[in-house]
Amino acid sequence: MELICPICGMKLERAEKAFVCPQRHSFDIARQGYVNLLTVQQKHSLNPGDTREQVLARRAFLEEGHYAPICQALIHTARELGITGPILDVGCGEGYYSTRLARELGAELTGLDISKEAVRCAAAKYKDARWLCATAAHIPVPDGSAQLVTSLFALTLPGEFARVLGDNGYYFQVLAAQDHLLGLKSIIYPELKFREKDTVPELEGFELVKTVPIRFGLAIEGDQIQNLFSMTPHVFRVSREGAQRLRETTQLADTASCVLNVYRKR
């Protein structure tokens with residue numbers, strides 16, 4: 001998949017240790033192999049996205065296979081639709097899901113995340129893909145570059161996703177369902193509050209092909225409980241008392257519940 005300059009929009013060419021555009025904007029290739037295409041103007045903080053601690057906790061949890069059913073659903077659905085790539089994973093994190101999907105399909109993979117720590121971690125482990133530190137609001141690839149865009153527990157930006165997809169390209173969206181991790185929530189919050197949640201949103205420029213429910217049990221203990229917690233948005237909302245209750249929890253039986261929405265570009 002070709003790259004474009006995030007400053008001027010011209011094609012980037014690979015030099016020995018950097019990508020350079022005709023306007024001489026240059027972006028170094030890091031030692032781990034990723035490229036930082038996130039400009040200062042695109043940052044909203046000094047170090048946006050997940051921290052190193054969050055990234056490592058996610059990797060420790062996912063590598064144990066606790067969320068393998070999500071991977072299996074992605075692979076089965078992509079095969080069913082005859083998708084062969086290229087794949088663009090937006091909000092790729094440390095690369096667990098999309099790397100396995102791309103390998104099973106024999107597809108070219110480009111992953112991007114606004115967190116430099118996430119793409120550094122992905123690039124250090126998975127050498128058969130291209131990893132970019134970049135913003136999803138301005139994806140640094142040409143129009144029509146991908147056959148499949150994935151965004152798993154991450155942002156959805158329909159206009160930009162449609163731009164980078166080829167004709168009749170697909171978008172895979174994974175969202176947490178209403179009953180996701182109720183066991184965890186019952187520990188960290190004094191009471192559970194249920195709000196209406198649209199888990200199958202209408203997206204401009206796309207038509208919904210199908211929705212695949214994904215639901216499976218979890219039985220985890222020790223450090224993996226904290227690793228799971230660090231992967232959720234609750235880490236930013238929980239009270240001190242709720243966090244303490246979770247630290248005192250040694251075993252957790254819970255249910256993961258999410259949906260895979262499959263959209264086709266109109």
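The values are calculated or read from the model by the stated rules, or taken from the named source; none is laboratory data. Small disclaimer: the values here were computed from a predicted structure and weren't measured. Ideal geometry is used to build each Cβ from the backbone, glycine not excepted, and the neighbour counts take in all protein chains shown. We work out accessible area using only protein heavy atoms, side chains counted, and drop any ligands, DNA or RNA first. Shrake-Rupley method; radii C 1.70, N 1.55, O 1.52, S 1.80 Å.
At-a-glance table
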quantity	calculated
Computed magnitude of the charge dipole of the chain (debye, nearest 20; Cβ of K, R +1, Cβ of D, E -1)	380 debye
Vicinal HN-Hα couplings computed from phi for segment 130-142 (Karplus, 6.51 cos²θ - 1.76 cosθ + 1.60; Hz; Gly/Pro x)	9, 10, 10, 8, 7, 9, 5, 6, 9, 5, x, 9, x
Protection-proxy order for peptides 71-84, 8-21, each taking the mean of Cβ atoms within 10 Å per residue, highest first	71-84, 8-21
Overall form of segment 159-207 per C-alpha gyration tensor (a/c, 1.5; a/b vs b/c)	prolate
Solvent-accessible area, 1.4 Å probe, carbon plus sulfur percent, for the chain	49 percent
For q = 0.21, 0.26, 0.28 Å⁻¹, Debye-computed log10 I/I(0) when each Cα of segment 87-157 counts as one equal scatterer	-0.82, -1.27, -1.45
Per residue accessible area in Å² of the chain, where ligands, DNA and RNA are left out and the probe is 1.4 Å	50 Å²
Segment 112-245: radius of gyration over Cα atoms, expressed as a fraction of 2.2 N^0.38 Å	1.26
Cα centre as origin, Lys/Arg/Asp/Glu Cβ charges: segment 74-187 dipole, Debye	320 debye
Karplus-derived HN-Hα couplings along segment 101-110 (A = 6.51, B = -1.76, C = 1.60, θ = phi - 60°), whole Hz, x at Gly and Pro	4, 5, 5, 5, 8, x, 9, 5, 10, 10
Two-decimal Rg to Rh for segment 130-192 - Kirkwood Rh, Cα set	1.17
Value at 222 nm in deg cm²/dmol, rounded to 500, when DSSP H runs of n ≥ 4 in the chain each add -39,500 (n - 2.57)	-8000 deg cm²/dmol
For residue 109, residues with placed amide H under 5 Å, excluding near neighbours	87, 130
In order through segment 176-188: 3J(HN,Hα) via Karplus (6.51 cos²θ - 1.76 cosθ + 1.60), integer Hz, x for Gly, Pro	5, 8, 4, 9, 6, 6, 5, x, 4, 4, 5, 7, 7
Segment 1-97: C-alpha gyration tensor shape, a/c 1.5 cut-off, then a/b vs b/c	oblate
Percentage, to the nearest whole number, of Cα pairs in the chain over 22 Å apart	57 percent
Packing-based order for 112-118, 256-262, using average beta carbon neighbours within 10 Å, highest first	112-118, 256-262
Restraint check, 17/127; 43/185; 43/125; 43/116; 17/125, Cα-Cα greater than 21 Å	43/185; 43/125
